[in-house]
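Undergrad: Please see the structure below; I have some questions.
Laboratory data are not the source of any read-out in this text; all were calculated from the coordinates shown. This structure is a prediction, so every number in the text was calculated from the model and none was measured. Quick reminder, even Gly has a Cβ in these numbers, built from the backbone with ideal geometry, and neighbours come from all protein chains shown.
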Amino acid sequence: MHAVPRRGFLFAGAAAMVTRLAGQQTASRESLVEDVVTANHILAAQEIVDAFGHVSVRTAPGAGRYLISRSIAPAQVTAADIMELDLDSKPIAGEKRTSYRERFIHGEIYRVRPDVMSIVHCHAPALIPFSITRIPLRPVYHNSSFVGEGVPVFEIREAGGDTDLLVSTPDLGRALAKALGNKPAVLMRGHGAVIVGKSIIESVARSVYLEVNARVQAQAMAMGARITYLDEGEVKKRAEDPDPYGRAWDLWKRQALLSNR
Ligand code: MN
């Protein structure tokens, strides 16, 4: 049994749900901010991000603006920390705070991917082996079937020579966006990953299941036998599901509330 939510909370939750069902066509600022805060807490509770990592949402379809937290740990993000940036990843007029050093990941991907409404950047350790070997991530699990659409690896040396590995300039952001291409995610060699989605539910759920896929694939490879991957037809069929992760958001949100107490 869970407690009956307060009336205001119930309305806010219902509004956010309507927003998500409508593909964020009618998202109010308040519900978008609430979704970004929730996404931060979910990713922290699911251990996809730790002290580092970030998640953003485009303000509306086709908009050249996005919402992201100021530079703090995801678990600590509140509505008051959310900032609005343009596609140059500059804060809108009057904003004095600064967002993450790697904010250019978000601006430069939104610029070239009109289909993308939300972006996650994480450093989940299970992903790293697939960024530093020549073994590609391949789809091994139904919830991560999108891996079959391709997960390339971004080699920052090709764009910037010796760097501190951070995507901290517009040029590096553009190079990363190019490496992502039209794919659902890109690994960053020796660093982490960027995962995109047509909604904030999709970018968050893909982040969770990309990490699961990496663990399961590594386990299967360690067993040493031939692996049967999901085939192209299965990947295609799964991609036809309009809302494969809807149920997960509300569960993960509740778990994040419990773990953040
Ligand atoms: Mn990073």
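Undergrad: Below 8 Å between Cα atoms, with a sequence gap of 6+, how large is the relative contact order for region 29-255 in percent?
TA: Relative CO of region 29-255 lands at 22 percent.
Undergrad: Here's something else I'd like to know. For region 146-159, in order, what is each residue's ³J(HN,Hα) by Karplus, 6.51 cos²θ - 1.76 cosθ + 1.60 with θ = phi - 60°, in whole Hz (x at glycine and Pro)?
TA: So the J values, rounded to whole Hz, are 4, 4, x, 6, x, 10, x, 10, 8, 9, 5, 4, 5, 9.
Undergrad: Which whole-Hz couplings ³J(HN,Hα) result when phi for each residue of region 77-86 is put into the Karplus expression 6.51 cos²θ - 1.76 cosθ + 1.60, θ = phi - 60°, listed in order with x for Gly and Pro?
TA: In residue order, the calculated couplings are 5, 10, 4, 5, 8, 7, 10, 10, 10, 8 Hz.
Undergrad: Ser69's amide H: which non-local residues (gap 5+, or another chain) put their own amide H closer than 5 Å, with H modeled 1.01 Å from N in plane and none for Pro or chain starts?
TA: Residues meeting the amide H criterion: Val55, Met83.
Undergrad: Neighbour counts of other C-beta atoms within 10 Å: give me Ser28, Ser203 arranged from fewest to most.
TA: Ser28, Ser203
Undergrad: I need Val37, Val194, Val120 ordered by Cβ neighbour count within 10 Å, fewest first.
TA: The fewest-first ordering by Cβ neighbours comes to Val37, Val194, Val120.
Undergrad: I've got another one for you. Could you check what % of the DSSP bridge pairs in the chain are antiparallel, to the nearest 5?
TA: That works out to approximately 90 percent antiparallel.
Undergrad: Separate question: Determine the distance separating the Cα centre of region 78-98 from the Cα centre of region 178-241; give it in Å without decimals.
TA: Cα centroid of region 78-98 versus Cα centroid of region 178-241: 30 Å apart.
Undergrad: I've got another one for you. To the nearest 20 debye, what is the magnitude of the charge dipole of the chain about its Cα centre, counting +1 on the Cβ of each Lys and Arg and -1 on the Cβ of each Asp and Glu?
TA: Approximately 300 debye in magnitude.
Undergrad: Just grab the label-to-label distance for Thr98 and Asp50, each label 7 Å out from Cα along the Cβ direction, in nm (one decimal).
TA: Label at Thr98, label at Asp50, 2.3 nm between them.
Undergrad: Here's another thing I want to ask about it. Residue separation times 0.36 nm, minus the C-alpha to C-alpha distance between Asp250 and Arg29: what's the value?
TA: My answer for the length gained is 77.6 nm.
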